[in-house]
Structure formats: C-alpha cells, structure tokens
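Values in this text are rule-based calculations from the coordinates and carry no lab data. A quick note: this is a predicted structure, and the numbers were derived from the prediction, not measured. When we count neighbours, we look across all protein chains shown, and the Cβ atoms used for this are built from the backbone with ideal geometry, even at glycine.
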Amino acid sequence: MEPTFDELLNKGDAIFKDKSVLSPHYVPETLLHREAELRKIMSCLAPALQGKKPSNTLIYGKTGSGKSICAKRVLQKLYDQKEASVSGVYLNCRVYDSRYKIVQKVVSDFDADVAKTGHSFSVLYEKVIDKLETESKHLVLVLDEIDVVKDLDTLVYTLTRANDDLKAGSISMVGISNKVTFKQKLDARSRSSLCEEEIVFPPYNALQLEAILSQRVPLAFRDNVLEQSGLNIAAAIAAGESGDARYALTLLLKAGELALSRGMKKVSDKEVEAARVAADEDKARELISSLPEHLQLVLYSLAVVSQDVQYKRLVEDDDGQKLFFSGEVYDRYSAMCKKMGKEPRSARWYREYLHELETLGLLISVHSGKGIRGQATLIKPVYPADKIRKVIEENLK
DNA sequence: AATCCACAGGAAGTGCTGGGCG
DNA sequence: CGCCCAGCACTTCCTGTGGATT
C-alpha cells in the first residue's frame with residue numbers, strides 16, 4: 001500500500017493516541033519521585049532571584065534517572081518567576097562541545113540578530129559580559145553531558161574568572177554527567193569551582209517506574225490498550241536493569257509498535273517481553289557493529305562454527321546448548337582471515353579477544369571439566385548465530 | 001607413570017601514535 | 001619544529017595445569 005502522511009504521523013491507529021509522550025524528550029506535567037532533587041537544584045539556584053551568585057552545581061546519575069528533565073524543569077520555574085534578572089540557558093554539550101560554541105550559543109540566545117560566525121571568542125565573551133553587567137543579570141548555564149566538552153578546564157576557568165570581571169550580575173554553571181569518573185579528569189582548581197554543590201540522582205525503583213509509566217500511558221495509548229500487568233512488567237524489567245526510566249518508556253513504545261504491526265488491538269505481556277528481547281538485540285547490534293574488525297571476525301567465526309552441522313565434537317551445557325572448542329573457532333578464524341587476505345591475530349591475543357567479548361556479554365565461556373581431555377575452553381554465542389552473522393556481514397560489507 | 005592435549009596467562013619485546021617540552 | 005617518551009596493540013616465547021591417553 002502506498003504510504004500516507006497520516007499513517008506516518010501515526011493518526012488513527014488502533015494502539016497509540018500519541019507516541020511522542022513516550023519519547024525521552026517529552027516533559028510531563030509533574031515530575032514524579034524527584035521532588036527532593038528538584039528542591040536541591042532550586043535551592044542551589046535560588047540566590048540568583050535575590051541578586052546573588054548561585055553556587056556552581058554538578059548533577060550525577062545514571063541514564064534515565066531524570067537529570068536533564070529536572071534541570072529543564074527548574075529553568076522553566078526560574079523563567080516563570082518573571083524575574084528579568086535571571087536567565088537560564090540549557091545546552092547539550094554533545095552539540096555545543098567547546099568553549100567557543102557554548103559562548104556562541106549564549107550570545108545567540110540573548111540576541112538572535114548577531115551573526116552566527118565570524119566573531120572571535122573574545123568578542124563574543126565581551127558581549128556576554130557586557131549584557132550581564134548592564135542589565136545586572138544572573139546567567140544560569142545548564143551543561144548537559146558536560147563530560148564531552150573538549151576544553152572543559154579552560155571553560156570552567158573562563159567562567160569563574162568572568163565572575164571576578166563582572167561588576168554586576170553573575171554566571172553560574174549546572175553540570176550534568178552520568179560518569180562518576182569524569183571529575184577525576186578535571187584539574188584540581190576547576191574541579192573545586194565546578195563542584196561547589198553536588199547532587200546525586202538515584203535510579204528509580206520498580207514502584208517509582210510504575211508510577212511514571214502510569215502517568216504517561218493514558219496519554220500515549222488509547223484506552224484499555226495496555227493492561228496494568230504489561231506496565232508492571234516493563235517497570236520491573238527496567239528496574240532490574242539499573243532503574244532507567246527512558247528504557248522503561250522505550251519498552252512500552254516498542255511493545256506498542258509490535259502489537260500494531262501484528263494488527264492487534266491490545267498490547268499484551270507477550271509484546272512487552274518481546275520488546276525487551278528486541279531492545280536487547282538492538283543494543284547488541286549497535287555494540288557489535290562498533291567493535292574493532294578482528295573482534296567482529298572472531299565473533300563471526302564463532303557464529304559460523306555454531307551453525308556448522310558437521311561439527312564433530314559436540315558438547316552441551318546444562319541447558320542443552322551447544323558449546324564449541326575455542327581452538328577450533330580460532331582455526332576457523334585464522335582460515336577466514338587468510339581467505340580475506342588479512343593476517344590473523346596471534347592465538348595469545350585471540351584469548352584476550354575472547355575475554356573482551358565475554359565481558360561485553362556477547363559470548364559465554366566455560367572450562368571443560370571431566371570428560372574432555374585437557375583444559376579446553378568451550379564457548380557459545382549469547383545471541384542467535386544468524387543474527388550475529390547478518391549484522392557483521394552487513395557491517396564488513 | 002609418562003606423555004599428550006588444549007589450553008591460561010605472565011614476561012619481554014616491537015612498532016606505531018600522539019602529546020608534551022625544549 | 002624536531003625530539004623523546006609514554007602508552008597502546010600486538011607478537012613471541014614460555015611455564016603451568018588438569019584431565020585423557022598410552
């Protein structure tokens with residue numbers, strides 16, 4: 001059937017009312033189970049409303065723990081105060097990943113007419129300082145995914161120095177990161193000025209996730225399409241996997257899409273479970289295709305061997321799954337490399353590769369116990385061999 | 001008991017890259 | 001700007017280990 005825009009805009013389908021409610025960018029009316037965190041952020045920024053410089057703040061938390069959304073909500077609340085003396089700028093550092101780009105963004109937020117390019121950093125910097133000083137403004141910069149900024153040390157240094165330069169007004173930063181280790185990479189001076197306050201966002205538990213999902217389901221799905229049990233399962237799965245709300249929401253989205261493509265009128269527990277598998281495979285697909293070439297080749301060889309119906313030394317594990325000799329997989333791997341005109345890696349390094357693949361959760365290895373001569377290592381793929389082959393064949397062209 | 005198998009993993013060495021420093 | 005050194009990715013070589021085989 002010819003595609004229509006209505007269909008693409010997802011009008012009139014039997015499952016969804018509004019898919020976008022399940023997207024990570026959607027901002028709900030009220031943020032559940034983040035009152036304490038909101039309060040902390042707000043109390044850090046409150047001084048700005050009294051004309052004082054707020055503390056620089058660093059927010060930690062795993063993905064899907066509500067960091068960005070809370071920060072955005074606080075900016076909105078600041079804006080709602082109609083206090084002309086405070087202005088907030090939210091930026092994602094994946095997009096604005098250097099000192100220059102960040103200042104550029106701030107300037108264009110203040111004044112859309114300024115030409116986008118052609119100004120040096122110091123010109124833009126002066127503009128910001130000037131603006132803040134003449135209007136005696138307090139600028140709150142929210143830097144999401146702050147760990148990807150290339151010259152973070154100089155950025156922090158510049159901004160802290162700016163406060164010394166300013167006769168009126170101030171600049172303060174709210175950094176958001178999901179890497180606990182990133183603080184160590186900063187030098188001591190910028191660390192202490194960036195981390196005046198620290199807020200940690202704990203992951204959601206199953207009950208909290210249930211509440212969050214319950215809040216969005218009536219808006220996202222048509223009435224009575226998704227049953228409570230499906231919602232609970234999605235919440236439980238996500239809670240088990242590090243309490244990621246974003247993940248819980250994609251599970252529901254995928255489950256709905258699955259039901260839709262199967263022409264069903266309801267989303268059952270089965271679809272939610274299938275969505276989990278699909279999400280898992282998506283992640284694996286991404287992981288595999290980002291792997292170095294020879295890791296892919298090793299995994300590919302394992303997939304090929306595991307499909308070999310003539311494989312002689314069959315061993316099975318407790319669950320009746322086939323296991324394969326790592327040495328045979330190595331032979332297959334080096335044969336394949338030669339066929340492709342590539343030098344195979346040494347057997348020693350191949351062992352390191354196996355470890356790496358195992359820690360990445362792409363294969364499982366066990367030591368052969370009794371019954372097999374020597375200390376053989378037996379391996380098996382975690383994902384279906386045909387899917388592994390497909391991904392790698394596509395990727396290696 | 002001696003030998004062989006199928007590995008594990010440490011040690012030392014090599015070739016390349018990138019970053020800091022004079 | 002060239003130089004040096006650290007770190008990385010990998011190789012070669014080697015010793016060790018537990019069970020099967022002879």
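The table below lists the values:
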{"item": "Whole-angstrom Cα spans of the range A:24-116 along principal axes, big to small", "result": "43, 32, 24"}
{"item": "Among beta bridges that DSSP assigns inside chain A, antiparallel share in %, nearest 5", "result": "30"}
{"item": "Dipole of chain A [Lys/Arg +1, Asp/Glu -1 at C-beta], most positive-end residue of A:93, A:230, A:305", "result": "A:305"}
{"item": "Rounded to whole Hz, the Karplus (6.51, -1.76, 1.60) HN-Hα couplings of the range A:365-377, x for glycine and proline", "result": "10, 9, 7, 5, x, 5, x, 10, 5, x, 9, 6, 9"}
{"item": "Cα-based reach from residue A:101 at 17 Å (exclusive), listing lysines while leaving out same-chain residues under 8 positions away", "result": "A:116, A:127, A:150"}
{"item": "Lysines with Cα under 20 Å of residue A:380, excluding same-chain neighbours fewer than 8 positions away", "result": "A:283, A:312, A:322, A:370, A:390"}
{"item": "Placed amide H near residue A:196: partners under 5 Å, 5+ positions off or other chain", "result": "A:56"}
{"item": "Positive-pole candidate from A:75, A:211, A:326, dipole of chain A, charges at beta carbon", "result": "A:326"}
{"item": "Within chain A, longest stretch clear of exposed chymotrypsin sites (Phe, Trp or Tyr not before Pro) (DSSP loop, no more than 16 other Cβ within 10 Å)", "result": "A:27-310"}
{"item": "Amide proton proximity set for residue A:170, modelled H, under 5 Å, gap of 5+", "result": "A:137, A:138, A:139"}
{"item": "Length-normalised contact order for chain A - Cα pairs under 8 Å, 6+ apart - percent", "result": "17"}
{"item": "Cα centre as origin, Lys/Arg/Asp/Glu Cβ charges: chain A dipole, Debye", "result": "660"}
{"item": "Rounded, prolate or oblate (a/c below 1.5 giving rounded, otherwise prolate when a/b exceeds b/c) for the range A:159-309 by Cα gyration tensor", "result": "oblate"}
{"item": "J(HN,Hα) series, the range A:213-229, from Karplus relation 6.51 cos²θ - 1.76 cosθ + 1.60, nearest Hz, glycine and proline x", "result": "5, 4, 5, 9, 4, x, 7, 8, 9, 5, 4, 6, 7, 9, 7, 4, 5"}
{"item": "Dipole of chain A [Lys/Arg +1, Asp/Glu -1 at C-beta], most positive-end residue of A:141, A:340, A:272", "result": "A:340"}
{"item": "Gyration tensor verdict on the range A:207-288 (Cα atoms; rounded if a/c is under 1.5, prolate if a/b is larger than b/c, oblate otherwise)", "result": "oblate"}
{"item": "Size of charge dipole - the range A:291-396 - debye, nearest 20, with Cβ of Lys, Arg +1 and Asp, Glu -1, no other charges", "result": "400"}
{"item": "Cα-Cα over 30 Å, subset of A:17/A:387; A:77/A:131; A:342/A:387; A:105/A:179", "result": "A:17/A:387"}
{"item": "In sequence order, calculated HN-Hα J values of the range A:263-279 (Karplus, 6.51, -1.76, 1.60; Hz; x Gly/Pro)", "result": "x, 8, 9, 9, 9, 9, 4, 4, 5, 5, 5, 5, 5, 4, 4, 5, 5"}
{"item": "Linear extension gain, residue A:339 paired with residue A:122, 0.36 nm per residue minus alpha-carbon span", "result": "72.4 nm"}
{"item": "Hull shadow area, averaged, the range A:35-201 [alpha-carbon convex hull, nm²]", "result": "9.1"}
{"item": "Candidate aspartates and glutamates for bridging to residue A:265, where Cα separation is under 18 Å - those fewer than 8 sequence places away on the same chain excluded", "result": "A:7, A:13, A:18, A:223, A:227, A:257, A:273"}
{"item": "Residue A:363 long-range amide H proximity, modeled H, under 5 Å", "result": "A:358, A:382"}
{"item": "GNM result for chain A, Cα springs below 10 Å: residue of A:336, A:173, A:42 fluctuating most strongly", "result": "A:336"}
{"item": "Relative frequency of Cα-Cα separations exceeding 38 Å in chain A, percent", "result": "42"}
